[in-house]
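**Q** Below is the structure I would like to discuss, written out as structure tokens.
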Amino acid sequence: FQSDEEEMIFMSYAGGSLVLLLICMATGEMSEGLAFIDQHGASRINLVIFIYAACGFCGVSCVAALTKRFGALTAALTTTARKAITILLSFFIFPKPFVFGHVLGAVLFISSLVARSRQRG
């Protein structure tokens with residue numbers, strides 16, 4: 001196929017959205033969602049949905065470009081490191097107890113990243 005990343009992402013999201021729409025209609029959640037939108041103001045909720053979707057599309061496009069340019073391993077390591085940094089920042093922004101399990105998890109996580117990058121590197 002001769003398609004670019006954006007077309008692939010759009011088509012996969014469109015297909016997934018159609019499947020979810022059918023599931024929501026079959027389970028009755030669609031009417032609950034429409035009632036919620038009607039109750040809380042359609043324009044505000046549509047704006048939030050649009051911004052969320054645009055940010056998601058940009059993020060997925062960046063990961064697809066990263067995969068195309070540097071390979072799947074680099075993209076996987078980058079996205080995994082981003083998730084780890086997000087979790088680490090959550091401890092600073094929203095203080096919570098930091099116990100031994102967190103330290104052990106961080107050591108195992110970093111060790112696996114280093115081992116995996118050396119194995120493929």
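**Q** Exactly one condition in (1) closer than 30 Å to Ser117 by Cα; (2) open to solvent by less than 70 Å² (accessible area, probe 1.4 Å); (3) without any contact (Cβ under 8 Å) to a residue 60 or more places away in the chain; (4) not hydrophobic (A, V, I, L, M, F, W, C) is not met by Glu5; state its number.
**A** For Glu5, the exception is condition (3).
**Q** Here's another thing I want to ask about it. Would you mind finding the one in Ile9, Ile23, Ile49, Ile37 that is at pLDDT below 90, over 21 Å from Cys62 (Cβ atoms) and among the aliphatic types (A, V, I, L, M)?
**A** None of the other options fit; the residue is Ile37.
**Q** Specify which of the listed residues (Thr86, Thr79) is surrounded by 14 or more Cβ atoms within 10 Å (Cβ to Cβ), under 17 Å from the mean Cα position of the chain (by Cα) and of a type in the set (S, T, N, Q).
**A** Being surrounded by 14 or more Cβ atoms within 10 Å (Cβ to Cβ), under 17 Å from the mean Cα position of the chain (by Cα) and of a type in the set (S, T, N, Q) holds for just one of Thr86, Thr79, which is Thr79.
**Q** Among the listed residues Val107, Val114, which satisfies the condition of being free of Cβ contacts under 8 Å to residues at least 40 places away in the same chain and open to solvent by less than 70 Å² (accessible area, probe 1.4 Å)?
**A** One residue alone meets the criteria, Val114.
**Q** Taking the condition over 27 Å from Ser12 (Cα atoms), open to solvent by less than 50 Å² (accessible area, probe 1.4 Å) and part of a helix (DSSP H, G or I), does Phe91 pass?
**A** It is true that Phe91 is over 27 Å from Ser12 (Cα atoms), open to solvent by less than 50 Å² (accessible area, probe 1.4 Å) and part of a helix (DSSP H, G or I).
The values are calculated or read from the model by the stated rules, or taken from the named source; none is laboratory data. Since we're looking at a predicted model, the values are computed, not measured. Positions of Cβ are generated from backbone atoms using ideal geometry, with glycine treated the same way; all protein chains shown enter the neighbour counts. What goes into the accessible areas is simple: the full protein's heavy atoms, side chains included, and nothing from ligands, DNA or RNA. Shrake-Rupley method; radii C 1.70, N 1.55, O 1.52, S 1.80 Å.
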